[in-house]
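Novice: Please see the structure below; I have some questions.
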Amino acid sequence: MEVLSDEIIKNFLENASLYSWKTFSQPKKLRTSLWISEIDEFCEVCEQARPFHDLRPRGGLSGRNIEYLKSGTSCLIYTCVSCKNESHTFLVEQIVNDDIVKVQKYGQRPRKKIERDSKLQKFFKQDAEYYEKALISLNNGYGIAAFAYFRRIVELNISNLLDLLVSDLNTEDTENPINLAIAELRKESPMSDKIKVANKALPEYLKPEGLNPLGKIYSLLSEGVHSLTDEECLDKAESLQACLSFLITELASRRRNRDKFKKMVGAL
Ligand SMILES: [Zn+2]
């Protein structure tokens, strides 16, 4: 279980959907509140992502007996540091039980926007409706639905993803071990075999810190959702989206750079 740190609270405020509970453990030095000084949000006035700070006066807190975080509610208000015009408000309910803190957002203003990843959107253009539904489910914390939609989209697009990988390899050599592994993945075989093969189907530069996003995609595809909670499915849907987004973004930018290079060198 993750420890309730400033970083975790920041991520929770910025990304968690309404009414979905998250559970954390208390840090060694117990927290006195959920308050943190800064979050990063998109400012509609500045028309860009800006740091938002709590600009409310905090007088009177120092010198008092420090009370520890208790069950109840918290109202957190952050204002854009640049224009000092746009404020974002979060209402959070917390339940504190010994070392465990459960939190849920029960209000947020302005309403959180549904962020569409333009590269994924383009990649899934045949399945735009599923992608839209997956995002709506994610945004509402409907984890089981989100995971099911994402899984369906990935199943429908996995061979396009493999095509993209092959075109990035830029080699006709069918004996190349990575090419062999990709050919193996295209065959009908049990998912458990594919997870192993997927680990060999990526060049090193597509494995950040040794993590293999393709292997992760296959292992997520093989996981059923029969007995998982909404919260667990939400995590899985999010990591499915992150793995896909990483691969597609990397491959697209490499292709762009390669084309640019060809153009430049070709023009010499
Ligand atoms: Zn602003």
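Novice: Would you confirm whether or not the stretch 242-259 contains a residue that is small (Gly, Ala, Ser), in a loop (DSSP other than H, G, I, E, B) and assigned by TED's automatic domain parsing to the domain that holds Ala148?
Specialist: No; the residues of the stretch 242-259 include none that is small (Gly, Ala, Ser), in a loop (DSSP other than H, G, I, E, B) and assigned by TED's automatic domain parsing to the domain that holds Ala148.
Novice: Can you spot a residue in the stretch 10-17 that is open to solvent by 40 Å² or more (accessible area, probe 1.4 Å) and either at positive phi or over 21 Å from the mean Cα position of the chain (by Cα) (or both)?
Specialist: Looking only at the stretch 10-17, we keep the residues that are open to solvent by 40 Å² or more (accessible area, probe 1.4 Å), and these are 11, 15.
From what's left, either at positive phi or over 21 Å from the mean Cα position of the chain (by Cα) (or both): none.
Checked the stretch 10-17: no residue is open to solvent by 40 Å² or more (accessible area, probe 1.4 Å) and either at positive phi or over 21 Å from the mean Cα position of the chain (by Cα) (or both).
Novice: How many of the residues in the stretch 71-129 are open to solvent by 50 Å² or more (accessible area, probe 1.4 Å) and acidic (Asp, Glu)?
Specialist: Matching residues across the stretch 71-129 total 5.
Novice: Scan the stretch 20-74 for residues that are modelled with pLDDT under 90 and at positive phi and jot them down.
Specialist: Gly60, Gly63
Novice: Would you check if Leu138 is open to solvent by less than 70 Å² (accessible area, probe 1.4 Å), away from the ligand (no atom under 16 Å from the Cβ) and under 24 Å from the mean Cα position of the chain (by Cα)?
Specialist: Judged against the criteria, Leu138 is a match.
Novice: A further question on this structure: Of the residues in the stretch 220-230, how many are surrounded by 15 or more Cβ atoms within 10 Å (Cβ to Cβ) and touching a residue at least 24 places away in the same chain (Cβ under 8 Å)?
Specialist: Going residue by residue through the stretch 220-230, those that are surrounded by 15 or more Cβ atoms within 10 Å (Cβ to Cβ) are 220-221, 223, 225, 228, 230.
Now narrow it down to the ones that are touching a residue at least 24 places away in the same chain (Cβ under 8 Å): 220-221, 225, 228, 230.
Selection size over the stretch 220-230: 5.
The values are calculated or read from the model by the stated rules, or taken from the named source; none is laboratory data. A quick note: this is a predicted structure, and the numbers were derived from the prediction, not measured. Cβ coordinates were reconstructed from backbone atoms using ideal geometry, including for glycine residues, and neighbour counts include every protein chain displayed. Side chains included, ligands, DNA and RNA excluded: accessible areas come from the protein's heavy atoms. Shrake-Rupley method; radii C 1.70, N 1.55, O 1.52, S 1.80 Å.
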